[in-house]
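K.L.:
Pasting in a structure now, in structure tokens, and then I'll have a few things to ask.
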Amino acid sequence: MRQRWVIGNWKMNGGLVANQALLAGVLDAARLAGEGRIGVCAPFPYLLQCQQMLGESAVVWGAQDISAEVGGAFTGEVCGAMLADFDCGIVIVGHSERRIYHGESEVRVAEKALRAVENGVRPVFCIGETQAQHDAGETEAVLARQLSPLFTLLNATRLAMVIVAYEPVWAIGTGRTPTPGGAQAVHRFIRAQLAARGLAEALPVLYGGSVKPDNAAGFFAQPDIDGGLIGGASLDAAEFLAIVKAAQRGSRT
């Protein structure tokens, strides 16, 4: 059975004092999550704070990136073993902001996912199309291309650790969102790609892209959407709590 997840992506935001209140709110949200999982992906400097505040809870914490290298002379990089030292359970790989601003290729993103799995950290593998690709009807081709190296580099056992996150680039931080039915159609396609490898019911597939308290339940009620990767709304404890509640209301029966 696929697990339901609500994961906050703080991006390059946060501070020790502000995080204290926000993480307290995350703990409140976790108490309402039922059988669902709650996750927080914080900037690297705050992983220790997450570990200290969340360590006795059911909340899973992690990072927003990981090096494709095992270790060595790679200034500024953070490897999987370092994330494991902080008991990270998840790490985002391939977010569109990394692909666009840092030129990460499909193969490089899959290599990062492999490094995460090798260190016992679940990769949140992000895929998604741009506005131009969406308008040209290329969504499925783009997603298949982004998933292909993952299926090549990871065997079935390792693939079972992956969480897929569909984030249409044109909806991230723009306030624009697909309809729940439109998002479901894309998730159905992703699910079919997993089914072809016997993993349809093993991997959660999350939706991300301007998820708010007032639209979350509609997305989460769709049969192939297993929760959300939440950006801006995860920086507000009340909004994040409302989205977790929406995930419970939108739970499939």
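K.L.:
Just for region 176-214: of the residues that are within 16 Å of GLU140 (Cβ to Cβ), hydrophobic (A, V, I, L, M, F, W, C) and free of Cβ contacts under 8 Å to residues at least 40 places away in the same chain, which one is least open to solvent (accessible area, probe 1.4 Å)?
P.N.:
LEU194
K.L.:
In region 1-36, which residues are within 18 Å of PHE86 (Cβ to Cβ) and open to solvent by 60 Å² or more (accessible area, probe 1.4 Å)?
P.N.:
Listed by number, the residues that qualify are LEU16, GLN20.
K.L.:
Of these, GLY173, GLY231, GLY227, which one is within 24 Å of ALA42 (Cβ to Cβ), touching a strand residue (DSSP E or B) at 6+ places or on another chain (Cβ under 7 Å) and open to solvent by 10 Å² or more (accessible area, probe 1.4 Å)?
P.N.:
One residue alone meets the criteria, GLY231.
K.L.:
What helices (runs of 4 or more DSSP H) completely inside region 64-164 contain at least 1 residues that are in contact (Cβ under 8 Å) with a residue 40 or more places away in the chain, crowded, with 22+ Cβ neighbours inside 10 Å and not acidic (Asp, Glu)?
P.N.:
Values: elements: 80-85, 96-101, 106-118, 131-135, 139-153, 156-159.
Counting at least 1 such residues, we get 80-85, 106-118, 139-153.
K.L.:
Within region 5-28, restricting attention to residues that are free of Cβ contacts under 8 Å to residues at least 12 places away in the same chain and assigned to a helix (DSSP H, G or I), which residue is farthest from the chain's Cα centre (by Cα)?
P.N.:
The selected residue is VAL17.
The values are calculated or read from the model by the stated rules, or taken from the named source; none is laboratory data. Quick caveat: nothing in here was measured; it's all calculated off a predicted structure. No Cβ is skipped: glycine too gets one built from the backbone with ideal geometry, and neighbour counts run over all protein chains shown. The area values use the complete protein model at the heavy-atom level, side chains included, leaving out ligands, DNA and RNA. Shrake-Rupley method; radii C 1.70, N 1.55, O 1.52, S 1.80 Å.
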